[in-house]
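Readers should treat all values here as calculations from the given coordinates under stated rules, not as data from a laboratory. The model shown is predicted, which means the values in this text are computed figures rather than measured ones. Ideal geometry is used to build each Cβ from the backbone, glycine not excepted, and the neighbour counts take in all protein chains shown.
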Ligand SMILES: Cc1cc2nc3c(=O)[nH]c(=O)nc-3n(C[C@H](O)[C@H](O)[C@H](O)COP(=O)(O)OP(=O)(O)OC[C@H]3O[C@@H](n4cnc5c(N)ncnc54)[C@H](O)[C@@H]3O)c2cc1C
């Protein structure tokens, strides 16, 4: 077989095997849709997040497609013997994902996809090893891969001096180093804590005060104000966004019908930078330089100098906890003509029912779907909805090799 010939024909390919990809692939398979799932299982969580990290999402809203039953996190926790009282450890979540993969998508093809192009009324996927696959539909579930946000002041500086948090699976190499962490969201704050724990001297540099999430962040407070009561007792299951908007976030199908401006407002209000209150006690010993804008950055020998409006400081390394911004052009999967045919808003695909883009048969789930289905799609809590919705759509659209309900 040559590199240009399709290896096999298949109805649907799901690209990416993180929580969204696994959930969608599992649901399609359960509905007897011929499905090929591609990508390393849980590889973003395993290779691009720091060991020792704990999940920000509450245990009861951390799903890989299953909210309850034998494949739920609770069920796996019973097997592992871990307690839902503690925020979930990254390593345990990765194990859970691998377990889900083995149970629901055992035939995962771990190869990377390098190109998706339209062909013969469907799609041709070029795989990194030179093989190719023809499919009728594609679900892009590549998560935050290649979507890192790097402030322009750091352009051109070498990786030894500046790196994005996603470039690290642990911080042991920073023992004894002076590290500036830029940002004030969960990733920046948790990285600062883990760096300190690894023996680094840490300063957090951010635009404004850290927004600690959750009642316990207001530590020392014993009583309940009406606001505390509302934010804690009336919190939505996933706790994404401020109360009461958080309850709207829970219904992505409804959010999808919002006028664009209203949905953009909901996304902005719900996905602002914030860090879990349980991190706060670990901030002892971390200097916080809030309210400082970084005006410039320059290499100074083996160190890096950050210039602020009024002064400057030198560090051995700058770690960017500056988050991610969706721009599907940066996925590197589509040729320019195909990219031009995908309707986009600020880099994200505009999706209709079934998470389908303006190219029929090309779907996007996960963070790329936030612009169309709202903030829940940024979290694992969105996986059951996405999996159900895509599967229902694909079955309704019909196709060969699977039950449509009519045959
Ligand atoms: C530091 C950090 C902490 C987070 N904490 C939480 C949390 O506590 N709770 C929560 O719900 N969410 C959290 N998130 C958000 C999290 O990224 C999403 O919830 C979740 O990972 C989305 O799943 P996904 O399947 O869309 O993407 P991912 O988990 O990123 O998976 C994408 C997969 O696609 C694969 N892939 C990418 N490109 C290709 C390709 N070309 N070919 C084949 N495969 C490919 C990758 O290998 C990867 O396995 C966090 C994110 C970060 C960065």
Using the 2.2 N^0.38 Å rule of thumb for compact globular proteins, work out how the chain stacks up: its C-alpha Rg over that value, please. 1.02
Using only the alpha-carbon atoms, how far is helix 260-270 inclined from the longest principal axis of the chain? Give it as 0 to 90 degrees, nearest 10. 50
For the chain, modelled as a Gaussian network with Cα springs under 10 Å, which listed residue fluctuates most, 106, 259, 244? 259
Taking 8 Å as the Cα distance limit and 6 or more residues as the minimum spacing, I'd like the relative contact order of region 80-206 as a percentage. 13
Projected label distance in nm at residue 175 and residue 257, using a 7 Å step from Cα toward the beta-carbon: 5.8
As a percent rounded to 5, the proportion of antiparallel DSSP bridges among beta bridges in the chain is 45
For an R0 of 35 angstrom, estimate the FRET efficiency from the Cβ-Cβ distance between residue 353 and residue 209 and round to the nearest 0.05. 0.30
Packing-wise, with mean Cβ within 10 Å as the measure, how do 44-52, 10-18, 76-84 rank, highest first? 10-18, 44-52, 76-84
Simple spin-label estimate for residue 300/residue 86, 7 Å along Cα→Cβ, in nm, reads 4.1
For region 258-364, I need the span (max minus min coordinate) of the C-alpha atoms along each principal axis, in Å, sorted largest to smallest. 52, 35, 24
Contact order normalised by length for the chain, with contacts defined as Cα pairs under 8 Å and 6 or more residues apart; what percent is it? 22
Please label the shape of region 301-384 as rounded, prolate or oblate, based on the square roots a ≥ b ≥ c of the eigenvalues of the alpha-carbon gyration tensor (a/c under 1.5 means rounded; beyond that, a/b larger than b/c means prolate, else oblate). prolate
By how many degrees, between 0 and 90 and to the nearest 10, does the Cα long axis of helix 19-30 differ from the longest principal axis of the chain? 20
Determine, for each peptide in 195-206, 329-340, the mean count of other beta carbons within 10 angstrom over its residues, then list the peptides with the highest first. 195-206, 329-340
Dividing the alpha-carbon radius of gyration of region 116-200 by 2.2 N^0.38 Å (N being the number of residues), what value is obtained? 1.61
By counting other Cβ atoms within 10 Å of each Cβ, how are 139, 182, 116 ranked from fewest to most? 116, 182, 139
Can you give me the distance in nm between label points at residue 341 and residue 9, each placed 7 Å from the Cα along the Cα-to-Cβ direction? 2.0
Does region 121-162 classify as rounded, prolate or oblate by the C-alpha gyration tensor (a ≥ b ≥ c root eigenvalues; a/c under 1.5 gives rounded; else a/b over b/c gives prolate, otherwise oblate)? prolate
Tilt relative to the chain, helix 383-397 - C-alpha long axis, 0 to 90 degrees, to 10: 20
Per DSSP helix of 4 or more residues, -39500 (n - 2.57); summed, then divided by the residues of the chain. What does that give at 222 nm, rounded to the nearest 500? -7500 deg cm²/dmol
Indicate the gyration tensor shape class of region 45-154 (rounded, prolate or oblate), computed on the Cα atoms with a ≥ b ≥ c the square roots of the eigenvalues: a/c under 1.5 is rounded; otherwise a/b larger than b/c is prolate and the rest oblate. oblate
Equivalent-ellipsoid semi-axes of region 245-311, from the Cα gyration tensor, Å, largest first: 38, 19, 10
